[in-house]
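Colleague: Sharing a structure below in structure tokens format, with a few things to ask.
The values are calculated or read from the model by the stated rules, or taken from the named source; none is laboratory data. Since this is a predicted model, take the numbers as computed values, not measurements. Quick reminder, even Gly has a Cβ in these numbers, built from the backbone with ideal geometry, and neighbours come from all protein chains shown. Surface areas here come from the heavy atoms of the whole protein model, side chains and all, with no ligands, DNA or RNA. Shrake-Rupley method; radii C 1.70, N 1.55, O 1.52, S 1.80 Å.
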Amino acid sequence: MRLLVVEDDLRMASVLARGLEEEGYGVDVAGSGPEAVSMATAHAYASIVLDVMLPGFDGFEVARRLRAGRCRSPILMLTGRASVDDRVEGLDAGADDYLSKPFSFAELSARLRALIRRNRSELPARLVVGDLVLDPSTRGAWRGETQLELSPKE
């Protein structure tokens, strides 16, 4: 499954990407609001981890634009802005969850798993092209009757 991490702090983006890749996700990184909207509308992500303070336009505006464009990927806002008003604005803008920095990576992972699990009903059970079968729920792949061995990144 592929995730989009939207974070303008290069060090934080790198830490998030590395940790999520170790969990078996493919990760793309965007560093600005316009880049995030472009990437999220071009690709279907299992989930989007979205910072609020971004160049171009903020994460609230990113969420609003994605939802207006009918992007169905679950959005988890991960930000240092932790006031009740900020959380309400993020959720009202279209975020599905909101986690404040500093955060526990274990909690971030659990929240992402929950968001992806809730969104699975919108995904087909299996993707089939010719004799190639991909099962997103089990992360399995088969060519005919033979199960393919894939690396965590694949």
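Colleague: Restricting to the range 32-44, give me the number of residues that are in a loop (DSSP other than H, G, I, E, B) and modelled with pLDDT of 95 or more.
Modeller: 1
Colleague: For Gly90, work out the one condition from (1) under 16 Å from Met39 (Cβ atoms); (2) modelled with pLDDT under 95 it doesn't fulfil.
Modeller: That leaves (1) as the condition not met.
Colleague: Please pick out the residue among Ala63, Ala68 that is more than 28 Å from Asp135 (Cβ to Cβ) and surrounded by fewer than 16 Cβ atoms within 10 Å (Cβ to Cβ).
Modeller: None of the other options fit; the residue is Ala68.
Colleague: If you scan the range 13-31, which residues turn out to be at pLDDT 95 or above, outside any helix (DSSP H, G or I) and either in contact with a helix residue (DSSP H, G or I) (Cβ under 6 Å, 6 or more places away or on another chain) or open to solvent by 30 Å² or more (accessible area, probe 1.4 Å) (or both)?
Modeller: Val27, Asp28, Val29, Ala30
Colleague: Looking only at residues that are open to solvent by 10 Å² or more (accessible area, probe 1.4 Å) and hydroxyl-bearing (Ser, Thr, Tyr) in the range 75-99, which one is nearest to Phe60 (Cα to Cα)?
Modeller: Tyr98
Colleague: Go through the range 2-48 and count every residue that is in contact with a Leu (Cβ under 6 Å, 6 or more places away or on another chain) and of a type in the set (Ser, Thr, Tyr).
Modeller: So the count comes out to 4.
Colleague: Next up: State the number of residues belonging to the range 37-77 that are aliphatic (A, V, I, L, M) and more than 11 Å from the chain's Cα centre (by Cα).
Modeller: 10
Colleague: Select from the range 32-57 the residues that are under 23 Å from Ala82 (Cβ atoms) and in contact with a strand residue (DSSP E or B) (Cβ under 6 Å, 6 or more places away or on another chain) and write down the one among them that is surrounded by the fewest Cβ atoms within 10 Å (Cβ to Cβ).
Modeller: Taking the candidates together, the pick is Val52.
Colleague: Grab the helices (runs of 4 or more DSSP H) fully contained in the range 48-131, keeping just those with 2 or more residues being at positive phi and of a type in the set (S, T, N, Q).
Modeller: none
Colleague: Then there is this: Might you check whether a residue that is within 29 Å of Asp135 (Cα to Cα) and not aliphatic (A, V, I, L, M) occurs anywhere in the range 76-91?
Modeller: Within the range 76-91, not a single residue is within 29 Å of Asp135 (Cα to Cα) and not aliphatic (A, V, I, L, M).
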